[in-house]
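First comes the structure, then the notes that go with it.
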Amino acid sequence: MRRTQIVVLRAVCGLIAATIVTQAALADEISERAHKLHFSSIVLDTHDDTTQRFFSKDYALGKQNPDGHVDIPRMHEGGMNAIFFSIWIDGRITGPPAVEKALDQIDAVRENVKKYSKDMVLARTADDVRRARAQGKIAALMGVEGGHMIGNDIRVVRIFADLGVRYMTLTHFYNDEWADSSTDKPAHNGLTDFGKDVVREMNRQGIVVDISHVADKTFYDALEVSKAPLLASHSSCRALCNHVRDMSDDMIKALAAKGGVIQINYEMSFIDQAYKDAYDKETGGVVQHMSEITKSCNNDETCISQEMTKLQQKLTTDGKLPHVSWERIIDHIDHAVKLVGADHVGLGSDFDGASMPEGMEDCSKLPKITEALLRKGYSDGDIRKILGENTLRVMEQAESVSRELQAQK
């Protein structure tokens, strides 16, 4: 080899080596920036089914548990400093028994917050969440997952508000007596007149109207009636995964046009089409499968979540389900942001109530989302919005509407 060729080859090799070193340094810099950004932000998850675990002798919120997705040590590790504990019971339980069971769960949340008061504080307002963050504590909020829990009595909306509930999902898996669900046969053509009154009362009480789980017509009815922005507490994008629990692009646009936020759900069948198709093939679809598993578990949410996880693991091990990466979460965030902007997207994991993708096994993995968004070129400000500020803004607007309506009485 000629001397000039050797010189050129050495120069090229040196350039490649320098490029590799520069890229590694840049990667380290982004990781460091992402860590600082994540742990200096309000990271608010709008939907966690951890409440059901409070009734298990094998679970303690204050210690790191070997299973599940959420506990205080892992929340600290993952920087989750605000959480909506879901109040849930099976939608086929109605009337006074539904109210009673909902109150039992609300009490369980409040008692756990008292028990772990060194780490947590009950939050009712956006300002409460900010104060908790300033104190280094986790803000605990509550969302009622299913309007059937008011027992068809609008006065219960006021009771929930007094106890600290800050959003209510209008339906769950089945229709209410006044609203259609996305996973049930239409019975009301959206919201009944009483259902519209419920939305108005939620506005008066400062309870955010949550449209995850509702039928499309119910969504549009609620959007028309509500004077405050709506929240989709745990739904993803139908354009990327055609699931009835996800939102179409038109719905996301309509939600954003009135100031609302879609909180991306991490459940694998909500974020990955190949997984959903394979899962439906093996189980008969979400409606049939959920009905069967709910019955076998006697309406116990913890049991339902565990059985679904077991089945998912078995089907994956048997090669019947494709693997799903946590990066699909980023795809849904990015799709929604490109559609309506960063002001209308947030995080609603469905931790402790759904099957998580690989790499997002529990809430300790949340910093990955911040780093991924930073690598995609998102600004610090937009990432802070997605992590929690957008949700706080919706809460503030709901509080403002409430004050205005209360003043009119």
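Structure above, values below:
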item: Residue identified as assigned to a loop (DSSP other than H, G, I, E, B) and open to solvent by 30 Å² or more (accessible area, probe 1.4 Å) among Lys114, Lys101, Lys118, Lys36; result: Lys118
item: Some residue of the range 257-277 being of a type in the set (Phe, Trp, Tyr), part of a loop (DSSP other than H, G, I, E, B) and closer than 25 Å to Ile87 by Cβ; result: yes
item: Residue satisfying all of: in the range 183-219; surrounded by fewer than 24 Cβ atoms within 10 Å (Cβ to Cβ), polar (S, T, N, Q) and part of a loop (DSSP other than H, G, I, E, B); nearest to the chain's Cα centre (by Cα) among these; result: Thr183
item: Test: Ala82 is without any contact (Cβ under 8 Å) to a residue 24 or more places away in the chain and of a type in the set (A, V, I, L, M); result: no
item: Per-region count, the range 58-98, residues of a type outside the set (D, E, K, R) and part of a loop (DSSP other than H, G, I, E, B); result: 18
item: Subset of the range 272-303 (residues that are over 17 Å from Thr183 (Cα atoms) and buried (at least 19 other Cβ atoms within 10 Å of the Cβ)); result: Asp272, Tyr275, Glu301, Thr302
item: Test: residue in the range 308-330 that is modelled with pLDDT of 95 or more, among the charged types (D, E, K, R) and open to solvent by 20 Å² or more (accessible area, probe 1.4 Å); result: yes
item: Residue that is most open to solvent (accessible area, probe 1.4 Å), among those in the range 121-135 that are among the β-branched types (Val, Ile, Thr) and closer than 18 Å to Val70 by Cβ; result: Val121
item: Any hit, the range 229-238, residues being at pLDDT 95 or above, among the basic types (Lys, Arg) and surrounded by fewer than 15 Cβ atoms within 10 Å (Cβ to Cβ); result: no
item: Which listed residue, of Lys276, Lys253, Lys227, Lys258, is farther than 21 Å from Gly348 by Cβ and of a type in the set (Lys, Arg); result: Lys227
item: Unique match (being open to solvent by less than 10 Å² (accessible area, probe 1.4 Å), over 30 Å from Val244 (Cα atoms) and at pLDDT 95 or above) among Ile106, Ile159, Ile138, Ile83; result: Ile138
item: Positions within the range 394-409 being in a helix (DSSP H, G or I) and either among the polar types (S, T, N, Q) or open to solvent by 60 Å² or more (accessible area, probe 1.4 Å) (or both), in sequence order; result: Glu396, Gln397, Ser400, Ser402, Arg403, Glu404, Gln406, Ala407
item: Which numbered condition Gln5 misses (of (1) loosely packed, with under 10 Cβ neighbours inside 10 Å; (2) at pLDDT 80 or above); result: (2)
item: Tally, over the range 351-381, of residues that are in a loop (DSSP other than H, G, I, E, B), under 16 Å from Ser40 (Cα atoms) and out of contact with any Gly (no Cβ under 6 Å at 6 or more places or on another chain); result: 1
item: Test: residue in the range 367-375 that is in contact with a strand residue (DSSP E or B) (Cβ under 8 Å, 6 or more places away or on another chain) and not small (Gly, Ala, Ser); result: yes
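The values are calculated or read from the model by the stated rules, or taken from the named source; none is laboratory data. No experiment lies behind these values; they were computed from the predicted model shown. Heads up, the Cβs are rebuilt from the backbone with ideal geometry, glycines too, and the neighbour counts pull from every protein chain shown. Surface areas here come from the heavy atoms of the whole protein model, side chains and all, with no ligands, DNA or RNA. Shrake-Rupley method; radii C 1.70, N 1.55, O 1.52, S 1.80 Å.
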